[in-house]
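*Asks:* Starting off with a structure, shown below.
The values are calculated or read from the model by the stated rules, or taken from the named source; none is laboratory data. No experiment lies behind these values; they were computed from the predicted model shown. Here the Cβ positions follow ideal geometry from the backbone for every residue, glycine too, while neighbour counts run over all protein chains shown.
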Amino acid sequence: MKKLFMIPLVVASTGILLSASNSTEPTTAKPAATSSEKKVNTAWKLDRGHSSLRFTVTHMVVSESEGTFKNWNGTMEHTKEDFSDAKISFTADVNSINTDNENRDKHLKSDDFFNAEKYPEIKFVSTSFVPQGDKKYKLNGNLTIRDVTKPVTFDVTYGGTIKTPRGSKSGFKANTSINRFDYNLKWDRATEAGSLVVSKEVDIAVKIEFDEVK
């Protein structure tokens with residue numbers, strides 16, 4: 001009798017278990033967001049006291065001459081932690097050019113080169129900031145000198161980000177080369193051997209320390 005009594009109980013229990021398992025919806029785990037998907041909405045401004053914008057040209061074929069812009073500024077905005085959507089811009093005051101030679105600086109400000117009176121500002125606006133791995137990036141954008149705007153690409157190295165009592169700081173180094181003739185900086189003299197006194201190619205080196213905007 002006990003065995004006969006137990007059979008309906010087993011059947012009923014099995015039915016309850018089956019009903020419960022059939023009514024439960026399967027759950028699918030959502031993949032974790034990658035670092036590039038995390039939204040940070042961060043803006044940065046240039047720490048001018050710890051940044052520099054320099055250029056170098058070959059002089060008389062055998063040596064190099066350098067210069068800098070003393071008055072310049074820059075910003076960066078991004079929403080992804082890996083900076084892959086960063087919007088970067090820089091401006092430089094042509095009248096602040098400094099090559100440690102007053103006469104040469106006056107010549108560079110003249111219409112032979114920058115024509116600072118008519119075109120007082122150099123401007124760069126990014127179009128993309130592409131991660132290359134190992135803290136390397138390709139910064140693509142448009143560079144405007146005088147009345148000419150052309151695309152350029154900077155090779156960028158990310159130095160890192162730290163937190164300080166005054167806020168976060170990020171560091172970058174960027175380098176590129178341009179042909180000055182492309183921007184109507186066409187003053188030209190030849191050496192006795194026929195080479196240019198000042199090379200067409202100009203190397204640009206930017207060292208950047210950004211402060212986070214609070």
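*Asks:* Can you say whether residue 121 is farther than 24 Å from residue 87 by Cβ, more than 17 Å from the chain's Cα centre (by Cα) and not hydroxyl-bearing (Ser, Thr, Tyr), as far as the supplied structure shows?
*Replies:* no
*Asks:* A further question follows. Consider residue 66 carefully, then state whether it is modelled with pLDDT under 95, assigned to a strand (DSSP E or B) and charged (D, E, K, R). Reasoning before the result, please.
*Replies:* On the way: modelled with pLDDT under 95: yes; assigned to a strand (DSSP E or B): yes; charged (D, E, K, R): yes.
Yes: the conditions hold for residue 66.
*Asks:* Moving on to the next point. What residue, of 154, 129, 210, is under 20 Å from residue 71 (Cα atoms), surrounded by 14 or more Cβ atoms within 10 Å (Cβ to Cβ) and either of a type in the set (A, V, I, L, M) or out of contact with any helix residue (DSSP H, G or I) (no Cβ under 9 Å at 6 or more places or on another chain) (or both)? Break it down stepwise before answering.
*Replies:* Working: 154 fails: under 20 Å from residue 71 (Cα atoms); 129 fails: under 20 Å from residue 71 (Cα atoms).
The conditions single out 210.
*Asks:* With respect to residue 93, is the statement that it is modelled with pLDDT of 50 or more and farther than 20 Å from residue 138 by Cα true?
*Replies:* Numbers: modelled with pLDDT of 50 or more: yes; farther than 20 Å from residue 138 by Cα: yes.
Yes: the conditions hold for residue 93.
*Asks:* Right, something else. When only residues in region 170-214 that are modelled with pLDDT of 95 or more and of a type in the set (Gly, Ala, Ser) count, which is farthest from residue 114 (Cα to Cα)?
*Replies:* The selected residue is 170.
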